[in-house]
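The values are calculated or read from the model by the stated rules, or taken from the named source; none is laboratory data. This is a predicted model, so every value here is computed, not measured. Note that we place each Cβ from the backbone using ideal geometry, even for glycine, and neighbour counts take in every protein chain shown.
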Amino acid sequence: MKLFFSLVFVLIAAALVHLSCGAGAPSGPPQSGNGPWVLSWSDEFDAPDGSAPDPAKWALFVSGNGEGNHELEYYTDRPRNAYIQKGNLVIAALKETYTGLDGTRDYTSARLSTVGFQQVYGRIEARIKLPRGQGIWSAFWMLGNNMDQVGWPQCGEIDIMENIGHEPSTVHGTIHGPGYSGKAGISAPYALASGAFAGDYHVFAAEWEPGVVRFYVDGNLYSTVGPSALPPGKQWVLDGHPFQIILNVAVGGDWPGPPDETTVFPQTMLVDYVRVYKRAGL
């Protein structure tokens, strides 16, 4: 009888471990021989429903100029495009006519970037439920804080996660720099075995260390990129300076193309948390 109960206990424990490691399940960052990751910055988005994103942590970008990609949205700082609900940051892409200083657009959305974030290197992760639909382009990414001084792409860009709506089961991790930017960015896809990223929360992460960026989905390492991946003679510009963290949902653009009659609005990206870690002792 004791043996029977011991076996039952083992089976229950194994089942609980399996469930806790399911797709999108939040868990601590994977560790490595370089030392443990320790939390250094986070936003759990636990403010009351209807609150604006914390202005001490996030700035809302306002622009309707297409962002160099021929995007169709107007990024606003209105609560209807970015707000807190049920422990999530909600970024809402809406179909509506909106006029701002950059003209008139037929869609609105939001783009948020971190305020005063100065960490160099670390593990940057977020638990996100993606939107869906033709012409929807959601992203969790990083941009060098020296952009105003050196311009893009010399400042460097790390796209931790990008998804375009007509690829519902695939996300992309990409780096950009001089000579490897835009369509020439160094990129790798990650595809779900089944289902769509809009069907559940998933954890997207990048580990950024000197001379290397590693990309993860739900704890699965799927791409490792370093200077050896660059085109001959090109410079690795991702080291030695802070990057800001950006969350946004674009509508249209050169990569996803415009929405069509199948695209349903509003579309929302739900962000459960953003967490940044650094190596212990650094």
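Set side by side, the residues D102, D49 differ, and just one is modelled with pLDDT under 95, farther than 30 Å from R214 by Cβ and either surrounded by fewer than 20 Cβ atoms within 10 Å (Cβ to Cβ) or among the aliphatic types (A, V, I, L, M) (or both), which is D102.
Are any residues in the range 80-131 in a strand (DSSP E or B) and on the phi > 0 side of the Ramachandran plot, and if so, which ones? Residues satisfying the conditions are G103, G122.
Do we have Y121 as under 18 Å from the mean Cα position of the chain (by Cα) and among the hydroxyl-bearing types (S, T, Y) here? Criteria met by Y121.
Within the range 145-161, the residues that satisfy the criterion of being crowded, with 24+ Cβ neighbours inside 10 Å and of a type outside the set (V, I, T) are G156, M161. Tell me yes or no: at least one residue of the range 229-246 is without any contact (Cβ under 8 Å) to a residue 40 or more places away in the chain and over 21 Å from G151 (Cβ atoms). Within the range 229-246, one or more residues are without any contact (Cβ under 8 Å) to a residue 40 or more places away in the chain and over 21 Å from G151 (Cβ atoms). Annotation note: Cβ proximity below 8 Å between a residue of the range 175-202 that is over 23 Å from V225 (Cβ atoms) and a residue that is modelled with pLDDT of 95 or more and small (G, A, S) (sequence gap 6+ or interchain) occurs for S194/S169; G195/S169; A196/S169. Within this structure, D272 passes the test of being in contact (Cβ under 8 Å) with a residue 12 or more places away in the chain, part of a strand (DSSP E or B) and acidic (D, E). In the set (1) touching a Phe, Trp or Tyr at 6+ places or on another chain (Cβ under 8 Å); (2) closer than 20 Å to S51 by Cβ; (3) charged (D, E, K, R), the condition left unmet by E71 is number (2). Applying a threshold of 7 Å to beta carbon distances and a minimum spacing of six or more residues, or different chains, the list of pairs starting in the range 138-157 at a residue that is without any contact (Cβ under 8 Å) to a residue 60 or more places away in the chain and ending at one that is in a loop (DSSP other than H, G, I, E, B) reads M147/C155.
Looking across G281, G233, one residue alone is modelled with pLDDT under 95 and not aliphatic (A, V, I, L, M). It is G281. The number of residues in the range 79-114 being in contact with a Lys or Arg (Cβ under 6 Å, 6 or more places away or on another chain) and farther than 19 Å from P258 by Cα comes to 0. If the condition is being under 16 Å from I91 (Cβ atoms) and surrounded by fewer than 22 Cβ atoms within 10 Å (Cβ to Cβ), then the range 230-252 contributes only I246.
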